[in-house]
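Colleague: One structure follows; several queries about it will come next.
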Amino acid sequence: MTDTAETAFTYRDGELHAESLPLARVAEAVGTPCFVYSSQALEDTYRRFSKALSDTGLNSLVCYAIKANPHLAVVKTFGDLGSGADVVSEGELRRAIAAGVPPERIVFAGVGKQRGEMAFALEAGILQFNVESPDELKLLNEVAGALGKIAPVALRINPNVDAKTHAKITTGTTENKFGIEIESLPDLLAMIEGLEHIAIEGLAVHIGSQLTDLAPYAAAFERLAKLFVELRQAGVNLRRIDLGGGLGISYTGGPGPDVGAYAEVAHRAVADLGVPVIFEPGRHLVGNAGLLLARVLYVKQGRSRRFLIVDAAMNDLIRPTLYDAWHEMKPLRQAPENAPLEPVDVVGPICESGDIFASARPFPPMKAGELFAIFSTGAYGATMSSTYNTRLPAPEVMVRGDSFAVIKSRPSYEDLLAEDQLPDWLRAAQGAA
Ligand code: LLP
């Protein structure tokens, strides 16, 4: 499989480009740090993913997991290509609707849905709620009853399969808070009998994120398919199956997990059920379609380490700090082939030792003021950012061909400070001073 990072972001005449736009031009126009997405890469990855599924003959619905990158321009790019959406909050649901995703293509997942969110989703007429606990079912029944509606539900099953990924993004074992354990199903189904405003229409599973090994998928999908048959035999009118998301990407520029092989694994497990199959990919669709542009502020030679102090920080991209995630980095101006590589620590300006993007990373010589890119930051980048240390949120830019649009501007300090409100007693004191 060709990696999108290789096709969307390439050196041309020694300058790193996004599609056919020199990235230095973006840095000049909007400053750094700044997230850049390639619309071509988004479209290509979506098409490749959905084609791999349809090539197997599966009747599939791709529901883009908005949490990976919730920007309206990203959601709409996929929505316009026919994607549905996987949302985990009313906020994400509102984004999906604002981007024009039809409600009948939206699934609502998550362990902690609240009454108001349920009501909003029922009014919107979404495809299904992926429900994760008996208490959630009871509340959903109550909310639907009050609105005179029937809530379409898929039970999210915890298949107890280890996804073999990072512990913080493993979701499918009994050690995790997610899903309904298979053993508890008979009791749950008995309880559901009494819930008049619930229609159990499907089963769902999601075992984790950034999976690169397909074996855990095969195990989880087969377990789910077996359960599907059993429940159908027991008289539950199941009409859909949801296989979740989690397919990984390559963070190193090499080949990533094979979408075709993934589609085959799904097909093998569930094709015989003869029902539509939902997929909830997030990272796979956006991860390598984005990068974070940054600038070197200082080069600091310590006794044992050489530090590149850069203008992006853990508040912009938390993944290295939180998951020890490895992100490729390259200078915007291509280093000569014979340039010596020296180990550097790439660190941000935040007052924490954990504010580090890479440790002892071999890098060509960089000087203060030079620009570089942190790759594979289209997923779980901007969306997990914060304003820690009162740093301004990084702007976001979408490239198309040789032009670009600012899709989120950097706010001003005035905007940021205006978010804080003083209580009356402090306001009075300030006025008096
Ligand atoms: N469906 C459900 C129910 C999920 O919980 C998730 C992700 C997805 C789909 C989409 O997973 P994806 O295809 O993107 O792997 N912040 C972490 C990843 C957290 C994933 C949470 N759930 C990271 O930066 O690696």
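Colleague: Restricting to the range 52-65, and then to whatever is in contact (Cβ under 8 Å) with a residue 40 or more places away in the chain and more than 16 Å from the ligand (Cβ to nearest atom), can you tell me which residue is surrounded by the most Cβ atoms within 10 Å (Cβ to Cβ)?
Modeller: The extreme case among them is Leu58.
Colleague: If you don't mind, another one. State yes or no: is Ala339 at pLDDT 95 or above, part of a loop (DSSP other than H, G, I, E, B) and farther than 22 Å from Ser250 by Cα?
Modeller: So Ala339 fails the test.
Colleague: Now for a separate question. Just one of Phe78, Phe35, Phe49 is of a type in the set (Phe, Trp, Tyr), buried (at least 17 other Cβ atoms within 10 Å of the Cβ), farther than 26 Å from Ile241 by Cβ and at pLDDT 95 or above; which is it?
Modeller: Of Phe78, Phe35, Phe49, the one residue that is of a type in the set (Phe, Trp, Tyr), buried (at least 17 other Cβ atoms within 10 Å of the Cβ), farther than 26 Å from Ile241 by Cβ and at pLDDT 95 or above is Phe35.
Colleague: Something else now. Can you find, within the range 90-113, the residue that is farthest from the ligand (Cβ to nearest atom) among those that are part of a loop (DSSP other than H, G, I, E, B) and over 23 Å from Glu201 (Cα atoms)?
Modeller: Per the stated criteria, the residue is Gly100.
Colleague: Still on this structure, please answer the following. Within the range 381-421, which residues are closer than 27 Å to Ala325 by Cβ, in contact with a strand residue (DSSP E or B) (Cβ under 7 Å, 6 or more places away or on another chain) and of a type outside the set (A, V, I, L, M, F, W, C)?
Modeller: Of everything in the range 381-421, those that are closer than 27 Å to Ala325 by Cβ, in contact with a strand residue (DSSP E or B) (Cβ under 7 Å, 6 or more places away or on another chain) and of a type outside the set (A, V, I, L, M, F, W, C) turn out to be Gly381, Pro395, Glu396, Lys408.
Colleague: Also, I was wondering about something else. How many residues does the range 246-263 hold that are surrounded by fewer than 17 Cβ atoms within 10 Å (Cβ to Cβ) and not in a loop (DSSP other than H, G, I, E, B)?
Modeller: 2
Colleague: For a quick check of your reading: which strands (runs of 3 or more DSSP E) sit entirely within the range 354-433 and have at least 2 residues that are β-branched (Val, Ile, Thr) and at pLDDT below 95?
Modeller: Ranges flagged: none.
Colleague: Sort through Arg295, Arg306, Arg283 and tell me the only one that's basic (Lys, Arg), within 24 Å of Ala325 (Cβ to Cβ) and surrounded by 24 or more Cβ atoms within 10 Å (Cβ to Cβ).
Modeller: When all the criteria are applied, what remains is Arg283.
Colleague: Only one of these conditions is not met by Ala269: (1) touching a residue at least 40 places away in the same chain (Cβ under 8 Å); (2) buried (at least 22 other Cβ atoms within 10 Å of the Cβ); (3) within 16 Å of the ligand (Cβ to nearest atom). Which number is it?
Modeller: So the condition that Ala269 fails would be (3).
Colleague: Would you point out the residue of the range 180-211, among those that are in contact with a Ser or Thr (Cβ under 8 Å, 6 or more places away or on another chain) and within 16 Å of the ligand (Cβ to nearest atom), that is farthest from Phe228 (Cα to Cα)?
Modeller: Top of the filtered list is Gln210.
Colleague: Still on this structure: Here are the criteria: (1) within 15 Å of the ligand (Cβ to nearest atom); (2) of a type in the set (A, V, I, L, M); (3) more than 19 Å from the chain's Cα centre (by Cα). Tell me which single one Ala261 does not satisfy.
Modeller: (1)
Colleague: Additional query: Taking the range 375-432 only, how many residues are of a type in the set (Gly, Ala, Ser), in contact with a Ser or Thr (Cβ under 7 Å, 6 or more places away or on another chain) and farther than 30 Å from Glu328 by Cβ?
Modeller: Result for the range 375-432: 0.
Colleague: Taking into account only those residues within the range 353-405 that are β-branched (Val, Ile, Thr), away from the ligand (no atom under 16 Å from the Cβ) and crowded, with 21+ Cβ neighbours inside 10 Å, which is nearest to the chain's Cα centre (by Cα)?
Modeller: Here the residue is Val397.
Colleague: OK, next. Among the numbered conditions (1) closer than 17 Å to Pro364 by Cα; (2) more than 16 Å from the ligand (Cβ to nearest atom), tell me where Ala313 comes up short.
Modeller: (1)
Colleague: Could you grab me the full set of residues in the range 126-153 that are part of a helix (DSSP H, G or I) and of a type outside the set (D, E, K, R)?
Modeller: Pro134, Leu137, Leu139, Leu140, Asn141, Val143, Ala144, Gly145, Ala146, Leu147
Colleague: Listed residues Val107, Val131, Val111; which is of a type in the set (A, V, I, L, M, F, W, C), surrounded by fewer than 20 Cβ atoms within 10 Å (Cβ to Cβ) and under 21 Å from the mean Cα position of the chain (by Cα)?
Modeller: Sole residue among the options that is of a type in the set (A, V, I, L, M, F, W, C), surrounded by fewer than 20 Cβ atoms within 10 Å (Cβ to Cβ) and under 21 Å from the mean Cα position of the chain (by Cα): Val111.
The values are calculated or read from the model by the stated rules, or taken from the named source; none is laboratory data. Keep in mind it's a predicted model, so treat the numbers as computed, not measured. Note that we place each Cβ from the backbone using ideal geometry, even for glycine, and neighbour counts take in every protein chain shown.
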